[in-house]
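Each reported figure results from applying straightforward, stated rules to the coordinates on display, with no laboratory input. Everything numeric in this text was worked out from a predicted model, so none of it was measured. Here the Cβ is made from the backbone with ideal geometry for all residues, glycine too, and neighbour counts use every protein chain on show.
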Amino acid sequence: MKQTTKTLLGLLVMLVVAGAIGGAVLWTSKDEQKKTEAKDKTEKLFDFDKAQAKEIKLSRDGQVAVRLTRAEKGWKMTQPVQTGGDETAIDTLLTALAGLKQKKDLADEKDLKAYGLDKPRLEAVVILNDGKEQGVQVGIDNSFDNTLYLKTLGDPSVRVIDGYQKASLEKTAFDLRDKRVAGLDDGAEGKKLEVSGIKSPYAVEKEGSAWKLKSEPADGPAVEGIISNVKSLRATGIAAEQAKSLKDYGLDKPSAVIKISGGADKDAFTKSIFNTAVTYPGFETLVTEEVEAPGHDGTMIPLSIIHRKDLKLDGSSPAILSGYGAYGISYTPSFSALHSIALHGVVFAYAAGEDGSQTVPDVAWNEPRGPVYGGGLSSGPVRRIPTSRRAALYALDAQTGKELWTSRGAIESWNHFSGLTVANGRVYIATFDGVLYCFGIPR
């Protein structure tokens, strides 16, 4: 056999072996990913969206100690007292419950008393919008390996979790109540500050962007500092829910009284043609789900799905899929009226016409050096304008994707990230040269 032939055969064998190894590695990687996903699902105790929680109950020794309900403007505490809820603390509690994972399942253990679960000392229950309840009952600690015994509602199986998770569940009424002393949001704007009860009382008022004291300029930063300090005051405890005598606390004759007044309610608007109430019949049949789907490299990517309640997610129905992940920016989950026209059998799509070449590549958030932003489109009009093309708008059949109509060459320039707007039976698109196009399709 010639040396050349031997060399070629050797190279072929190496390629075959390398391909086999590469295939084995790819198969192993995907298999490991599936095992990891399956393990994660097995370990998780709950599967609920914390945004769907409408009520939380925390019980100690069989008695409800804390009850929280979600109101129109946030969480409220209804037991043991009627007061506002601490939004951050409550969200942290829900996150902890939704993310609880077990270390192991003692399914064969029937003696609940041995684990302190015959009479659980702590119970945390979440009631969802659909009326379903999910929760845990907590038993005793295992100091040997720093674990904790618990079981889920309606399931007699004894489960084991890491002991450190106990702190996220053992919350008192004070932990979860609104602790703002002044009851003001951090973002609330003060328009007037009045200080009385002191030797030289004063009042300052904001006119435009300037603070005035008796029509004279006031020290704006000092005023803003006082308001900021008052807003940031947080209680460290409750001396009395309803004091019988303020004198016992030195509050019958306070050493100072600080009053902050705001401007007009930012949520109150004068009715006009710009804020006329609009209803969208049919939207009450829609639901949303937050899931994760594997990307091309196996990375789990957050995905928001909006669909009719009666629709089976089996891959047989058409869908509008959109995503964005350049410049270190990702889409915020939202619903657009533009998508709703698919309910009526029509989908609008457009080709932006913009030169999409990348001058510097981004580095993804999950890559070793990432995230590195700064890649993306060149912002220089000298390069972008000549290499971009005209945008085009299309109307497609929502079921088949068949083209129903197109703007063809009617749009003179290209579009950059402004998207489409649908209103009053028309579709609007703006282009780089500052022109707003409006299209209406004959019935």
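Straight-line reach from residue 259: which aspartates and glutamates have a Cα under 18 Å away, not including same-chain ones fewer than 8 places off? Hits, sequence-local ones excluded: 185, 186, 189, 194, 205, 207, 219, 224. Computed across the range 163-202, the Kirkwood radius stands at 14.3 Å (inverse of mean 1/r, all Cα pairs). Charge tally around residue 290: other residues with Cβ under 14 Å, Lys/Arg +1 each, Asp/Glu -1 each, net -3. In order along the range 166-179, phi translates into HN-Hα couplings of 4, 4, 6, 9, 7, 10, 8, 4, 5, 4, 9, 8, 5, 9 Hz, rounded to whole numbers, per the Karplus curve 6.51 cos²θ - 1.76 cosθ + 1.60 with θ = phi - 60° and x for Gly and Pro. Annotation: amide H-H contacts under 5 Å for residue 391 (H modelled 1.01 Å from N, sequence separation of 5 or more, or interchain): 413, 414, 415. For residue 256 and residue 175, the difference between the fully extended length at 0.36 nm per residue and the C-alpha to C-alpha distance is 26.3 nm.
Kindly provide the trypsin sites (Lys or Arg not before Pro) of the range 93-148 that DSSP labels as loop, not H, G, I, E or B, and whose Cβ sees at most 11 other Cβ atoms within 10 Å. Filter output for the range 93-148: 110, 132.
Applying the Karplus relation 6.51 cos²θ - 1.76 cosθ + 1.60 with θ = phi - 60° to the range 91-99 yields 3J(HN,Hα) values of 4, 5, 5, 5, 4, 5, 5, 5, x Hz, where x marks Gly and Pro.
Give me the Debye-computed log₁₀ of I(q)/I(0) at q = 0.10, 0.11, 0.17, 0.22 Å⁻¹ for the range 50-176, equal point scatterers on Cα only, no solvent, two decimals. One equal scatterer on each Cα of the range 50-176 leads to -0.31, -0.37, -0.86, -1.32.
Coupling constants for the range 220-229 follow from the phi torsions by the Karplus curve (6.51 cos²θ - 1.76 cosθ + 1.60, θ = phi - 60°), and in residue order they are x, x, 5, 5, 4, x, 4, 4, 5, 5 Hz; glycine and proline get x. Report the local net charge at residue 146: Lys and Arg +1, Asp and Glu -1, summed over other residues whose C-beta lies under 13 Å from its C-beta. That works out to -1.
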